[in-house]
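The values are calculated or read from the model by the stated rules, or taken from the named source; none is laboratory data. Computed from a predicted structure; not experimentally measured. Cβ placement follows ideal geometry from the backbone for every residue including glycine, while neighbour counts extend to all protein chains displayed.
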Amino acid sequence: MSVRRSFSEGGWPRLRPLLLAIAFPLALLAIWHFATVNRPASLIPPPYDVWLELRDLAFGGINDDAYSKTLHIHLLASIARVYGGFVLALAAALPLGMLIGRVPLVRQLVDPTIQILRPVPVTAWLPLAMIIFGLGPRSAFFLVFLGAFYPILVNTIFGVRSVEPRLFEAASMLGCTGTAQFFRVVLPAALPSIFTGMRLSLGFAWVVIVVGEMTGVQTGLGAIIMEARQLSRTEIVISGMIVIGIFGFLSDQLVMLIGRRLLAWSPSHG
């Protein structure tokens, strides 16, 4: 009785979030299994076949084909492009967003053009990227950069323009004027919004990696997904999707962890 009472008092509240988090994926797996099992003519394989393919991609020893034991090569190539494009987008969007949000002349000069270009989908840039940068990794980097750029830019502008005017008055009274206000007032006050933009940006970088790797690259998760689609290897397509989802989730958790450490003072992040 005491063990049951202790579980109900302490164990269940801790397990409840985990059970709720896995309940929906398990339900989807069950639906997927019963909808595809024992149907050899179906183009969508059952979950167990995808699991075998995922194991073969990672460790080999099952199919022993051209894709066996190659997951680490494609994953590392995609990670390099995702984080490389994300870092470039952060380096470009952060100072530009601060300038647009703080300097009226820059906002009037640049913001209309950005607002016109922002709705253009990344897929529409694919032909131009291959013309300008050629086939290969540079086009992929550019497309990932483009997809990651706007979420950081828009949220940085919003964060800068949301800074309380009283903070600038207080900083001026303490002798902080001119460009020093960017680093001591604007940047700290806008950080919560900037981190929100970083989360959206990194997530979108994983979204566009498949498009980015349609530019003739030989390695990458997007590259094997597109190649497997042409070969009707749907189990490889789904395996690539699963890996992208997992590492996109881990990337988001990493940004959230850094945000919680740096923004412990913020009610929305700390």
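Examine region 92-114 for a residue that is farther than 30 Å from Pro165 by Cα, part of a helix (DSSP H, G or I) and at pLDDT 90 or above, and state whether such a residue exists. No, there is no match, as no residue in region 92-114 is farther than 30 Å from Pro165 by Cα, part of a helix (DSSP H, G or I) and at pLDDT 90 or above.
May I ask you to verify whether Ser251 is within 26 Å of Leu28 (Cα to Cα) and outside any helix (DSSP H, G or I)? For Ser251, the condition - within 26 Å of Leu28 (Cα to Cα) and outside any helix (DSSP H, G or I) - is not met. Residues that are part of a loop (DSSP other than H, G, I, E, B), in contact with a helix residue (DSSP H, G or I) (Cβ under 9 Å, 6 or more places away or on another chain) and hydrophobic (A, V, I, L, M, F, W, C) were ranked within region 27-60; the one that is modelled with the highest pLDDT is Ile44. The set of residues from region 219-237 being over 20 Å from Leu143 (Cβ atoms) and in contact with a Leu (Cβ under 9 Å, 6 or more places away or on another chain) comprises Ser232, Thr234, Glu235, Ile236.
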